[in-house]
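The values are calculated or read from the model by the stated rules, or taken from the named source; none is laboratory data. Remember, it's a predicted structure, so these values are computed and weren't measured experimentally. Positions of Cβ are backbone-derived with ideal geometry, glycine not excepted, and every protein chain shown enters the neighbour counts.
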Amino acid sequence: MSREILGRPVILELDCAWDAVSRSEKIVERARANGLIVPLVGYRVYVIGASPAGLSPQTWNALRTFWTLYFREAGAELVSYSAECSVERE
């Protein structure tokens, strides 16, 4: 969705974020329907070094949203999802 401020179109970030969640939910639903969700109950997942190189911020956030939903559906706890490579484990 866009609005105009001072005669210029502005994309509302909230709408972009909602769209990413909606698309990610649909992809996870398809994965579930096709038996592509791996059971990970009890696993703690750390995604470290998820490089944003070559990705727009919206695409990087959409990927993070997808993996958050995927791991939740699989029963895992996504502890960290970071572009940083030097994140310390708990």
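Hey, can you tell me all the residues within region 44-90 that are under 19 Å from V21 (Cα atoms), of a type in the set (A, V, I, L, M) and part of a loop (DSSP other than H, G, I, E, B)?
Hits for region 44-90 are A50, L55, A76.
Residues of region 65-79 being touching a helix residue (DSSP H, G or I) at 6+ places or on another chain (Cβ under 9 Å) and not hydroxyl-bearing (S, T, Y), which ones? Talk me through it step by step, then tell me what you get.
Taking region 65-79 as the starting set, the residues that turn out to be touching a helix residue (DSSP H, G or I) at 6+ places or on another chain (Cβ under 9 Å) are 65-70, 72-73, 76-78.
Answer for region 65-79, where residues must be touching a helix residue (DSSP H, G or I) at 6+ places or on another chain (Cβ under 9 Å) and not hydroxyl-bearing (S, T, Y): F66, W67, L69, R72, E73, A76, E77, L78.
In region 48-84, what residues are free of Cβ contacts under 8 Å to residues at least 24 places away in the same chain, exposed (fewer than 14 other Cβ atoms within 10 Å of the Cβ) and not aliphatic (A, V, I, L, M)?
G54, S56, P57, T59, R72, listed by residue number.
Which one of the conditions (1) modelled with pLDDT of 70 or more; (2) surrounded by 12 or more Cβ atoms within 10 Å (Cβ to Cβ); (3) part of a helix (DSSP H, G or I) does W18 fail to meet, given that it meets all the rest?
Unmet condition: (1).
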